[in-house]
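The values are calculated or read from the model by the stated rules, or taken from the named source; none is laboratory data. Bear in mind the structure is a predicted one, so any value in this text is a computation, not a measurement. Every residue, glycine among them, receives a Cβ derived from its backbone with ideal geometry; neighbour counts consider all protein chains shown. Side chains are part of the model used for accessible areas, which takes the heavy atoms of the whole protein and leaves out ligands, DNA and RNA. Shrake-Rupley method; radii C 1.70, N 1.55, O 1.52, S 1.80 Å.
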Amino acid sequence: MIKGKVVVVGVTGGIAAYKSAELVRALVKRGAEVYCVMTASACQFITPLTLRTLSGNPVYTKMFDEPRVWDVEHVGLADKADLIVVAPATANILAKAACGIADDFLSTTILATNSPVLFAPAMNVNMLNNRVTQDNIKRLEGFGHHVMATGHGDLACGYQGEGRLADIEEIMFAIEELLAGDKPLQGYKVLITAGPTQEPLDPVRYLTNHSSGKMGYSLARCAQLMGAEVTLVCGPIDLNVPKGIKRVDVQTAEEMYQAVLTVFTECDVVIKAAAVADYRPKQKNENKIKKQNSDIYLELARNKDILAELGKIKEDRVLVGFAAETEDVVANASEKIKRKNLDFIVANDLLQEGAGFKHDTNTVSLVFPNATVKRLPQMSKDAVAVEIWQNIIKIIKMRGSVG
Ligand code: PMT
């Protein structure tokens, strides 16, 4: 959603200005084209060189510098921006933007843009709570701008309270939401599974796999941005699930099966990106298994195939599976479509560079029941998620409605 978008980062003069470097880095990492505009006060806190190096683009600090290319630069940037984010936003820039004052590059760019403007304020708690600032925030929101809540805690001025810059992750979420545009999944309930399962052997050991949950997370976040109500049933993963997504944590395949069944009836679309263990230790050991002088043998019991069970009761829901394969990728995936009654399956070739478990990228083929195969190049898991949802939306449209 952020890839290829032009984001203008405005930085104003507060101690939190150093955090704008982290924001610029996160935006660039997600594929945005970033241009920074710094006020004179911001340049007292961090240097333009830092932001120029991180963004890979010139940094704008003065209204009347010789232009790098001929256009009226603040208007050019205001037009080019898909979004302007001001982080940190001081009480001063909020006041100027609320009153239409345009006396430097940043305030002029804000006044000249038709794109969304997001302010992430950071200031002393008394300045924030001052009625003038609160009125300015209301005025800005009244003009259609977006103002984030501040965090609570220790402030650089020695005070405690509201006024800290929101977490960079929260600012990134807000940016993604503003850039998402259409909400084609508005009104739909979706269920996504993610991560591995852990099948305990004894109180200290378990059988598991390398799934990080990243693929499922990208699918969940993408669905949320497209307007869906999302439930994410996940095995043990180390990811912060965005606000607004209902997260249900499970450990074993049996727990995942129970959790999925509880939500399934209310859902319109289900994507099973979790790497579920096919087997669990047959015997449950209450105590730690002691080291033996000889080899020991584990007896394993089959777990339920959750996806196959859902296939039996799917009715007109859209049901999408994943296949993690190391050989005959498309043939094996096709067999699973039929056996599990799927609308399509996403086949990962685990032997490809940068595909499958743990990576931020994936290389997949979408395999359909009529044997059509859509091979995708290596792309970020976020971009794979967009492709998957676009194909699901096509199915929803063809059917008229689902669920
Ligand atoms: O989590 P990441 O690190 O980002 O990695 C992503 C991923 C590789 C885990 C993911 O993209 C993926 O391929 N997930 C499915 C892995 C898998 O279990 O494949 P499978 O071929 O064994 O299973 C086929 C399908 O049946 C899957 O949708 C799986 O969720 C489902 N299944 C499998 C076994 C089982 N007992 N119950 C199931 O529901």
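For this structure, a couple of remarks:
- Qualifying residue in the range 186-197 (condition: within 16 Å of the ligand (Cβ to nearest atom), among the hydroxyl-bearing types (S, T, Y) and open to solvent by 70 Å² or more (accessible area, probe 1.4 Å)): no
- From the list I110, I2, the lone residue that is buried (at least 17 other Cβ atoms within 10 Å of the Cβ) and closer than 20 Å to D167 by Cα is I2.
- Within the range 283-308, the set of residues being touching a Leu at 6+ places or on another chain (Cβ under 8 Å) and either at positive phi or not hydrophobic (A, V, I, L, M, F, W, C) (or both) comprises just one member, N285.
- In the range 335-360, the qualifying residues are those that are open to solvent by 40 Å² or more (accessible area, probe 1.4 Å) and of a type in the set (A, V, I, L, M), and the one that is farthest from I388 (Cα to Cα) is L351.
- When the range 381-403 is limited to residues that are open to solvent by 50 Å² or more (accessible area, probe 1.4 Å) and not aliphatic (A, V, I, L, M), the one that is farthest from C267 (Cα to Cα) turns out to be D382.
The rows are residues; the columns are (1) part of a helix (DSSP H, G or I); (2) open to solvent by 40 Å² or more (accessible area, probe 1.4 Å); (3) touching a helix residue (DSSP H, G or I) at 6+ places or on another chain (Cβ under 6 Å).
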{"position": "L219", "(1), (2), (3)": "yes, no, yes"}
{"position": "Q224", "(1), (2), (3)": "yes, no, no"}
{"position": "V230", "(1), (2), (3)": "no, no, yes"}
{"position": "L239", "(1), (2), (3)": "no, yes, yes"}
{"position": "Q251", "(1), (2), (3)": "no, yes, no"}
{"position": "E254", "(1), (2), (3)": "yes, yes, no"}
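- Against the test of being open to solvent by 30 Å² or more (accessible area, probe 1.4 Å), within 15 Å of the ligand (Cβ to nearest atom) and in contact (Cβ under 8 Å) with a residue 40 or more places away in the chain, the options H210, H145 yield a single qualifying residue, H210.
- Taken over the range 15-48, the residue count meeting the criterion of being part of a helix (DSSP H, G or I) and among the hydrophobic types (A, V, I, L, M, F, W, C) is 12.
- Within the range 263-290, the set of residues being open to solvent by less than 80 Å² (accessible area, probe 1.4 Å) and in a strand (DSSP E or B) comprises V269, V270, I271, K272, A275, P281.
- Selection status of Y188, among the aromatic types (F, W, Y) and within 21 Å of R317 (Cα to Cα): yes
- Every residue from the range 340-375 that is in contact with a Leu (Cβ under 9 Å, 6 or more places away or on another chain) and near the ligand (Cβ under 10 Å from one of its atoms): K340, L342, I345, V346, A347, G356, F357, N362, V364
- Qualifying residue in the range 61-80 (condition: β-branched (V, I, T) and open to solvent by less than 20 Å² (accessible area, probe 1.4 Å)): no
- Filter result for E169 (in contact with a helix residue (DSSP H, G or I) (Cβ under 6 Å, 6 or more places away or on another chain), more than 16 Å from the ligand (Cβ to nearest atom) and either at positive phi or among the acidic types (D, E) (or both)): no
- Scanning the range 248-278 for residues being of a type in the set (D, E) and away from the ligand (no atom under 16 Å from the Cβ) gives a total of 2.
Residues are listed down the side, and each one gets a yes or a no for (1) farther than 30 Å from A95 by Cβ; (2) in the same structural domain as E325 (by TED's automatic domain parsing); (3) in contact with a strand residue (DSSP E or B) (Cβ under 7 Å, 6 or more places away or on another chain):
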position: D135; (1), (2), (3): no, no, no
position: K138; (1), (2), (3): no, no, no
position: H145; (1), (2), (3): no, no, yes
position: I168; (1), (2), (3): no, no, no
position: L201; (1), (2), (3): yes, yes, yes
position: N209; (1), (2), (3): yes, yes, yes
position: Q224; (1), (2), (3): yes, yes, yes
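- Qualifying residue in the range 297-317 (condition: in a strand (DSSP E or B), under 23 Å from V204 (Cα atoms) and charged (D, E, K, R)): yes
- Any hit, the range 279-286, residues being within 11 Å of the ligand (Cβ to nearest atom) and either in the same structural domain as W389 (by TED's automatic domain parsing) or β-branched (V, I, T) (or both): yes
- Scope the range 291-334; condition closer than 27 Å to P281 by Cβ, open to solvent by less than 70 Å² (accessible area, probe 1.4 Å) and more than 10 Å from the ligand (Cβ to nearest atom); matching residues: A301
- Residue match in the range 376-387 (condition: over 24 Å from D182 (Cβ atoms), more than 11 Å from the ligand (Cβ to nearest atom) and more than 19 Å from the chain's Cα centre (by Cα)): yes
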